[in-house]
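Asker: This is the structure, below, for whatever I ask next.
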Amino acid sequence: MITNKAYTSILVQKKLGILLLFFCLSISYSANAQYNKKIFTDEDGLPGLAAYDILQTEDGYLWFATTNGLARFDGVDVTVYNKDNTEALNSSVIRKLYLGDDGTLWIGTSGGGVTTYKDREFSRPFGKLGGIDQYIVSFAETSDGAFWVGTDGRGLYKIVGDSIRQFTAENSELSQNHIFSLSPYKGDTLVVGFIDYGLRYFKDDRFIDFPLPKELETPVIYSIINESDSLFIGSRSGVFVMYEGEYKHYPLTDQGANTSFVLDLAKDGSALWVSTSEGVHRLDLITGELDKNLGLESKGSLAALKDKEGHIWIFSYLEGAYRIKETTFSSFGNATAGAMVESTPGTFWVVLDSRLTKIEGNDTTVFGAKDGLMTDLAEAMIADSQGRIFVSNSAEEVGIDVIDGRSIRPLSEFNSTFDSEVNTFYEDVNGQLWVGLQAGIVKWTGRNSLHYDDAEMSKGGVLSITNDKSEALWVGTNYGLNKLVADTVQSQYIEGSGLSNPIISALYNDEEDRLWIGTSGGGLNVKIEEKFIPIKTNQLPAETIGDIIEDHNGFLWISTSNGIYYVEKQQLLEHISDTTKQVSYRKFTTDDGLPSNTIIDGLVTSTNEIWFSTGAGIGKVNPDRILTNSSPPPILIEEIQVDNEEAPILSIIDIPHDNKSIAIYYTSPSFIDSEEITFQYKLEPFQTEWEEVGTRRAAFYTNISPGNYSFHVRSITKDGIISSEAATLSLNFEYAYYETWWFRILIVVVLVSISVGFYQYRMANVKRMERVRLQIAGDLHDEIGSNLGSVILKSQLLEKKLDSSDEAVTIGLEEIRSISKNTSQAMRDIVWMINPKHDVVEDLVLQLKEISGAMLENINYTFESNVEFSEEGMNPEIRRNTVLILKECIHNIIKHSEASEVDISFKKAENEFTLRVLDDGKGFAVNALEGNKHYGLEGMKNRAREIRGSLSIDSDSESGTAISLSFKNYGGT
């Protein structure tokens, strides 16, 4: 009969099994997985070789809590923070790291209390508050909003808002004050692990003993992981998984481990990575099997972590940080491997360390001279369609052995005929064996074999052989490619025939009858129809090719002396059709599980696996299980420097106008082929296209024009995956004060103010001058004009009183009167010129007309003008010079021309005025007067120049003289 208690236990055990099965199904895992490990030490920048904890923040950085500071790692560079360079760290011994729900990194130190890191800033959240300033060993958060801090010696602290409550063994049910681990459990419950007193949990404001299994002999709890309401517990007695109060125990020593003393755990789907005091192991929680063959027999580790990309990190004491990742390739053997064949499904023949080795499952048999071979040293090999194995040797006496079933014998007919080293074998589509020699090729048919030497083919040893669909045989040598049709060398393709290199090291003819050609130094070529097409090395940088294999998925595996290139054949063909299309490829190296990067031979097995022999063993891969990094890489901007001074990274960064250079440092915290991550950036609008900068992690700019810019940077993995979003910085390159809008407005205001002031000053001067001119004109008119009038009047009275018979007196008085009249007229002209009231075009027209009438009273004349009367201003200098020129013209007419008719016109066209004086008198030769001093004509020309005008004179003896003055009115004042 099953009791209720027993029935409940059975149900819980079933639930525990279902839970572990869920872990197994949720995370895929290959039972035959192989792992690659890489160690990072102080030579890579780590501050020490002892660490207590490892943590990854949301931005992708790894953080190592070491005894010499806090180390931040992005896969390439390490940044160290300690008490000497970080004010908020009171101790360089970092004991615990914890990532809060809000993204805050909590840092527990040994003797320095708690420090936090958020938004690029370190701070001390609690200052020096009691025991929180002491030895911090653990953190946790529970769903009720409480934050917990465990210490080594001061008990446990509960922080809710600004309230801090301390629990000790003296004031609560804590077993002791030395807390080692904390973990939330089922929401608001806190599980506490002690060094010597097992587990307790905090619920309803009290600590209660946690039920422990009897197998937990020594209640020392070093690690607790809570997942899906299950606890994974690391202790001195091994690993325990607890679900609903029931435990499953994994004693490590039962699986062959040296100890069950567990220091730390890292969850990996249905498995746990277990750090013990004597090594690191992988524990399968479903089968209970322990993988001990990881090569990590460390001296102990208190730190283990699985990162976002699936790597396991183990910090091994006094060794460094190990990165462990599952690899695409698995490997076996540790000797140099050469030729490989599969004679029957599952039976392989491999040249290992120059010895012929037969591999069947886990059994290996080495063959040599003792078994009937000519020598112990094997080299080239083939398994023909009849199941025979042909093996060449590399001894001084070269030859071929044949293995037929259990019979091993020398191929005597061949060995006695050909004395040349065998490079390769090939069986054609008709089952005919071809032997590639160092000196030609042999079609082996027994006694009637055909030999093609250097005289018939391109020179050099035969390196590769294949058939095409027409059954033509293609033979590659050190000096070219040869085509044999019906046992006749039909064509030779040597240097200059279109091949990128004449050393033909690999040949492969695909199902579409395309011949793929691998060269030594020229990369990959393909023959389509009758044309050789090289694949440029900037698309596929495989230069020295040893073998070409196509898998059942349409991918080519191209082996080289520096790894294997894996590329989709269709991509290569699309690139050939359209060279703008890029070729994406992967390169597999020792980092992917290959024993060595030196690849010697390749083989597709009967199960579609591909084997590669290398310089350090055999690597094998399942083409249907290629591990790729499908996650976009992160991208972060770490630092900006302006003239070598660090600037804060804000939403908008202001760059002073006098900067000479800026440097922007960025990174991609990824641990998959970190050194091969490349970057692109641009500074918009200065750059519109992405700039390829390779693996460089900094951008530099100098002499950028003022304005607003956006800096964008993104990262690209080796597999061609681009970061989902670019990291962006907004930069404001400030203008110099003299380039700013406000300064320009100020300059405009100042210039306008100066202009207005100058205009006002000028207008004030003009008005003042007008007043002076009015005063002078008035004075001249009132004083001098009055006096001249008095002279004329008195001369007339005097003439009446004196004896008119005195002719001399009469003439004298007449001259006085005439001079006075002329002077008075000149005075009136001067007054007219000075008076600003006459600074208008209308007054100039009236004045010209009046002068014409007054001076030509004894000559027939006409005066014509089209100028409309208006208040348009006229520059006083123009008025004066125009009047004086007209007077000079009329004076010359009266004095010299003897004219009877004079025509005067004053006209305006647009803004240009023209004064024209035409008489019918006797003219003069204008050219004859040039060079002589005729002050009247020279004076008129000078006056024309003063008003920026032009004066023209046209005269001859028959038609008289025509004088024209043209000018523009350039101002009324």
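The values are calculated or read from the model by the stated rules, or taken from the named source; none is laboratory data. Just so it is clear, the model here is predicted, and its values are computed rather than measured. Every residue, glycine among them, receives a Cβ derived from its backbone with ideal geometry; neighbour counts consider all protein chains shown. These area figures cover heavy atoms from the full protein model, side chains too; ligands, DNA and RNA do not enter into them. Shrake-Rupley method; radii C 1.70, N 1.55, O 1.52, S 1.80 Å.
Asker: Just to confirm my filter: which strands (runs of 3 or more DSSP E) fall fully inside the stretch 144-248 and include at least 3 residues that are open to solvent by 60 Å² or more (accessible area, probe 1.4 Å) and either more than 28 Å from Gly269 (Cα to Cα) or not assigned by the TED database to the domain that holds Thr259 (or both)? Give the derivation first.
Answerer: Details: elements: 147-151, 156-160, 163-167, 179-185, 189-194, 199-203, 206-209, 221-227, 230-235, 238-243.
The strands (runs of 3 or more DSSP E) meeting that bar are 163-167.
Conditions tested, residue by residue: (1) in a strand (DSSP E or B); (2) open to solvent by less than 50 Å² (accessible area, probe 1.4 Å).
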residue	(1), (2)
Ile314	yes, yes
Thr328	no, yes
Ala335	no, yes
Gly338	yes, yes
Ser343	yes, yes
Phe348	yes, yes
Glu397	no, no
Phe414	no, yes
Asn423	yes, yes
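Asker: Might you let me know whether the stretch 500-507 holds any residue that is touching a Phe, Trp or Tyr at 6+ places or on another chain (Cβ under 7 Å), part of a loop (DSSP other than H, G, I, E, B) and open to solvent by 40 Å² or more (accessible area, probe 1.4 Å)? Walk me through how you get there before you give the answer.
Answerer: Of the residues in the stretch 500-507, the ones touching a Phe, Trp or Tyr at 6+ places or on another chain (Cβ under 7 Å) are 502, 507.
Restricting the remaining residues to those that are part of a loop (DSSP other than H, G, I, E, B) gives 502.
Filter once more, keeping what is open to solvent by 40 Å² or more (accessible area, probe 1.4 Å): none.
No: zero hits.
Asker: Please count how many residues of the stretch 924-940 are at pLDDT 80 or above and exposed (fewer than 13 other Cβ atoms within 10 Å of the Cβ).
Answerer: Counting residues in the stretch 924-940 that are at pLDDT 80 or above and exposed (fewer than 13 other Cβ atoms within 10 Å of the Cβ) gives 1.
Asker: Looking at (1) buried (at least 22 other Cβ atoms within 10 Å of the Cβ); (2) touching a His at 6+ places or on another chain (Cβ under 7 Å), find the lone condition where Gln539 falls short.
Answerer: Going through (1) buried (at least 22 other Cβ atoms within 10 Å of the Cβ); (2) touching a His at 6+ places or on another chain (Cβ under 7 Å) one by one, Gln539 breaks only (1).
Asker: Being acidic (Asp, Glu) and either at pLDDT 90 or above or in contact with a Leu (Cβ under 9 Å, 6 or more places away or on another chain) (or both) is the filter here; which residues of the stretch 145-167 pass it?
Answerer: Asp152
Asker: Among the residues of the stretch 448-465, how many are part of a strand (DSSP E or B) and not aliphatic (A, V, I, L, M)? First the steps, then the outcome.
Answerer: Of the stretch 448-465, the ones part of a strand (DSSP E or B) are 450-452, 462-465.
Then keep just the ones that are not aliphatic (A, V, I, L, M); that gives 451-452, 464.
Total meeting the criteria: 3.
Asker: Which one of the conditions (1) out of contact with any Phe, Trp or Tyr (no Cβ under 8 Å at 6 or more places or on another chain); (2) surrounded by fewer than 18 Cβ atoms within 10 Å (Cβ to Cβ); (3) among the charged types (D, E, K, R) does Lys907 fail to meet, given that it meets all the rest?
Answerer: Of the numbered conditions (1) out of contact with any Phe, Trp or Tyr (no Cβ under 8 Å at 6 or more places or on another chain); (2) surrounded by fewer than 18 Cβ atoms within 10 Å (Cβ to Cβ); (3) among the charged types (D, E, K, R), the odd one out for Lys907 is (1).
Asker: Looking at (1) out of contact with any strand residue (DSSP E or B) (no Cβ under 6 Å at 6 or more places or on another chain); (2) modelled with pLDDT under 85, which one does Gln255 not meet, given that it meets all the others?
Answerer: Only one criterion in (1) out of contact with any strand residue (DSSP E or B) (no Cβ under 6 Å at 6 or more places or on another chain); (2) modelled with pLDDT under 85 is unmet by Gln255, namely (1).
Asker: Of all residues in the stretch 466-486, which are open to solvent by 10 Å² or more (accessible area, probe 1.4 Å) and not in a loop (DSSP other than H, G, I, E, B)? Please lay out each step first, then the result.
Answerer: Filtering the stretch 466-486 down to residues open to solvent by 10 Å² or more (accessible area, probe 1.4 Å) leaves 466-471, 478-479, 483, 485-486.
Matches in the stretch 466-486: Thr466, Asn467, Lys483, Val485.
Asker: Consider Pro410 against the criteria (1) surrounded by 15 or more Cβ atoms within 10 Å (Cβ to Cβ); (2) touching a Ser or Thr at 6+ places or on another chain (Cβ under 6 Å): it satisfies all of them except one. Which criterion is unmet?
Answerer: (2) is the only condition that Pro410 fails.
Asker: Quick check on the stretch 110-126. Is at least one of its residues within 30 Å of Ser651 (Cβ to Cβ), within 31 Å of the chain's Cα centre (by Cα) and part of a loop (DSSP other than H, G, I, E, B)?
Answerer: Checking the stretch 110-126: at least one residue is within 30 Å of Ser651 (Cβ to Cβ), within 31 Å of the chain's Cα centre (by Cα) and part of a loop (DSSP other than H, G, I, E, B).
Asker: Could you check the stretch 580-686 for strands (runs of 3 or more DSSP E) lying wholly inside it with 2 or more residues that are buried (at least 20 other Cβ atoms within 10 Å of the Cβ)?
Answerer: Values: elements: 585-588, 599-604, 610-614, 617-621, 636-642, 645-647, 652-655, 661-667, 678-684.
Because the criterion is at least 2 residues that are buried (at least 20 other Cβ atoms within 10 Å of the Cβ), the strands (runs of 3 or more DSSP E) in the stretch 580-686 that meet it are 585-588, 599-604, 610-614, 617-621, 661-667, 678-684.
Asker: I've got another one for you. Looking at (1) assigned to a loop (DSSP other than H, G, I, E, B); (2) within 22 Å of Trp313 (Cβ to Cβ); (3) within 47 Å of the chain's Cα centre (by Cα), which is the one condition that is false for Thr259?
Answerer: It fails just one condition, (3).
Asker: Hey, could you check the stretch 222-256 for residues that are within 50 Å of the chain's Cα centre (by Cα) and among the small types (Gly, Ala, Ser) and say which is nearest to Lys308 (Cα to Cα)?
Answerer: Ser228
Asker: Can we say Asp513 is touching a strand residue (DSSP E or B) at 6+ places or on another chain (Cβ under 6 Å) and either in contact (Cβ under 8 Å) with a residue 60 or more places away in the chain or open to solvent by 40 Å² or more (accessible area, probe 1.4 Å) (or both)?
Answerer: Values: touching a strand residue (DSSP E or B) at 6+ places or on another chain (Cβ under 6 Å): no; either in contact (Cβ under 8 Å) with a residue 60 or more places away in the chain or open to solvent by 40 Å² or more (accessible area, probe 1.4 Å) (or both): yes.
No; evaluated as a whole, the condition is false for this residue.
Asker: Do we have any residue at all in the stretch 435-447 that's of a type in the set (Val, Ile, Thr), outside the structural domain of Lys718 (by the TED database), surrounded by fewer than 17 Cβ atoms within 10 Å (Cβ to Cβ) and not in a loop (DSSP other than H, G, I, E, B)? Before you say what the answer is, go through the steps one by one.
Answerer: Just the residues of the stretch 435-447 that are of a type in the set (Val, Ile, Thr), to begin with: 435, 441-442, 445.
Restricting the remaining residues to those that are outside the structural domain of Lys718 (by the TED database) gives 435, 441-442, 445.
Filter again for surrounded by fewer than 17 Cβ atoms within 10 Å (Cβ to Cβ), leaving 445.
If we keep only those that are not in a loop (DSSP other than H, G, I, E, B) too, we end up with none.
Scanning the stretch 435-447 turns up no residue that is of a type in the set (Val, Ile, Thr), outside the structural domain of Lys718 (by the TED database), surrounded by fewer than 17 Cβ atoms within 10 Å (Cβ to Cβ) and not in a loop (DSSP other than H, G, I, E, B).
Asker: Taking the condition out of contact with any strand residue (DSSP E or B) (no Cβ under 9 Å at 6 or more places or on another chain) and under 30 Å from Leu305 (Cα atoms), does Ser723 pass?
Answerer: When the stated conditions are applied, Ser723 does not pass them.
Asker: Still on this structure, I have one more. Of the conditions (1) farther than 18 Å from Ala616 by Cβ; (2) of a type outside the set (Gly, Ala, Ser); (3) in contact (Cβ under 8 Å) with a residue 40 or more places away in the chain, Leu356 clears all except one; give me its number.
Answerer: For Leu356, the failing item is (3).
Asker: Also, quick follow-up: Scan (1) closer than 30 Å to Asn85 by Cβ; (2) assigned to a strand (DSSP E or B); (3) of a type outside the set (Lys, Arg) for the single condition Ile132 breaks and write down its number.
Answerer: Of the numbered conditions (1) closer than 30 Å to Asn85 by Cβ; (2) assigned to a strand (DSSP E or B); (3) of a type outside the set (Lys, Arg), the odd one out for Ile132 is (2).
Asker: Consider Thr287 carefully, then state whether it is open to solvent by 10 Å² or more (accessible area, probe 1.4 Å), assigned to a loop (DSSP other than H, G, I, E, B) and in contact with a strand residue (DSSP E or B) (Cβ under 8 Å, 6 or more places away or on another chain). Write out each step before concluding.
Answerer: Values: open to solvent by 10 Å² or more (accessible area, probe 1.4 Å): yes; assigned to a loop (DSSP other than H, G, I, E, B): yes; in contact with a strand residue (DSSP E or B) (Cβ under 8 Å, 6 or more places away or on another chain): no.
When the stated conditions are applied, Thr287 does not pass them.
Asker: Which of the residues spanning the stretch 838-895 are open to solvent by 60 Å² or more (accessible area, probe 1.4 Å) and modelled with pLDDT under 80?
Answerer: Once the filter is applied, which keeps residues that are open to solvent by 60 Å² or more (accessible area, probe 1.4 Å) and modelled with pLDDT under 80, the stretch 838-895 yields Phe869, Glu871.
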